[in-house]
1. Place the peptides 443-449, 124-130 in order of packing, highest mean first, counting for every residue the other Cβ atoms within 10 Å and averaging per peptide.
2. Quote to one decimal, in nm, the extra length available between residue 330 and residue 201 on full extension: 0.36 nm per residue of separation minus the C-alpha distance between them.
3. Suppose R0 equals 30 Å; then what is the FRET efficiency for residue 234 and residue 142 from their Cβ-Cβ distance, rounded to the nearest 0.05?
4. Taking 0.36 nm per residue of separation and subtracting the Cα-Cα distance, what length does fully extending residue 413 through residue 496 add?
5. For residue 341 and residue 224, what is the calculated FRET efficiency with R₀ set at 60 Å and r taken between the beta-carbons, to the nearest 0.05?
6. Place a point 7 Å from Cα of residue 398 in the direction of its Cβ. Which residues in region 347-367 have their backbone N less than 14 Å from it?
7. Full-extension gain between residue 352 and residue 474, please, as 0.36 nm times their residue separation minus the C-alpha to C-alpha distance.
8. What FRET efficiency would be calculated for the residue pair residue 164, residue 241, taking the C-beta separation as r and a Förster radius of 25 Å, to the nearest 0.05?
């Protein structure tokens, strides 16, 4: 095999080559290291050395720089040792492939940006060591300069000085060089790096945290560097070329997943904002239906069974004639805001505000079996809320306000009504007119319902009797029921304090 000095030189090179690709605890690496020590002390078993060097030839890629030469054929009796060494390497490689597969599956299952990166933090330690992971994305500031912003950071320790929201300019930094080259960078001695780059604010900050080595990998999506992911360790000399190779196998998928999750999150937040604003006018169900539409909302609707609730203040207009408009609007907002919140609480949709009146609908966009019952429970709670409304507007020069409520149930057309430029979700039909007529005959504090509404809840509703009333526009008297409460799951009754 040649003289001892030549063998020692070959073994040192081979051990270094393997350590850059394998875990330092790998059986083959340990064995070659033992053989090197034995040759350095002139106590080696040359046959055993030959077996392990032959195994190393099968592991290191053909195109890698290596010093595996002058190897004699391996005897059959020594193949067992070689197979043990190769078996250990294959077990290690299988574990890497399994871990990569699991990580890729978990990362791609994530939807939100933070969720994806939390998967990374919980999973990547199987293949890359770290005490801290952070992500910086490349953005533009108001001046058009490339800016780095850290939207996500996690560590196994506290405190963190480079945390979520940290920003820095990309220009004239080592990261700019990485973005230009598109290649990862390993720094295994951050103290030495900081001595050479004393103006690196982010390096100085992570070193205060105790970080001593780092692996920085560019996130490349569709050929463009969109940011960086940083693996950082509290110990020096943590990262090897093999960690770069392992990360590179899933870097593209990770970058694209993060890009998609950011876009999804932006869309989600935008829709939540629209829903929140839209929800001030309609139920969340109506908002969801509008936002889920593939295109512009189409005019038209469909027939469905609904319960319409009309509420109006008694004698408010003449009372408010001598008050400043600002005080009138303020008092109305207190009243309308209170009853609108109660409508939304019971799952109704505020269809319209008409001066000091409100129209609400139960049964849109989805009809439910308890629409009429919820509408009555809502009406009772609205009447019970009037004392608190009056307490809030006290001192504005208005007498106590009182409200009448009318309800009717039946078929109506529900849908988008208006023009191509201005669309309103509403209901149209005779029951809307009927609810308005019923509300018109109530006194302050009363709740009247049509027979159709009463029939829906006759087994649990409480009344103060019924009467037949000739309503405007109706050829025959209409039976009406005065509601005082509703039992069952609702169990709500008009309080003695309610204005009557």
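1. 443-449, 124-130
2. 41.1 nm is the gain from fully extending residue 330 to residue 201.
3. Calculated transfer efficiency: 0.25.
4. 26.1 nm
5. It comes to 0.80.
6. 354-358
7. This chain segment gains 41.5 nm when fully extended.
8. FRET efficiency, residue 164 to residue 241: 0.25.
Just so you know, all these numbers are worked out from the coordinates, no wet-lab data involved. Values in this document were obtained by computation on a predicted structure and should not be read as measured data. A quick note on method: Cβ atoms are made from the backbone with ideal geometry, for glycine too, and the neighbour counts reach across all protein chains shown.
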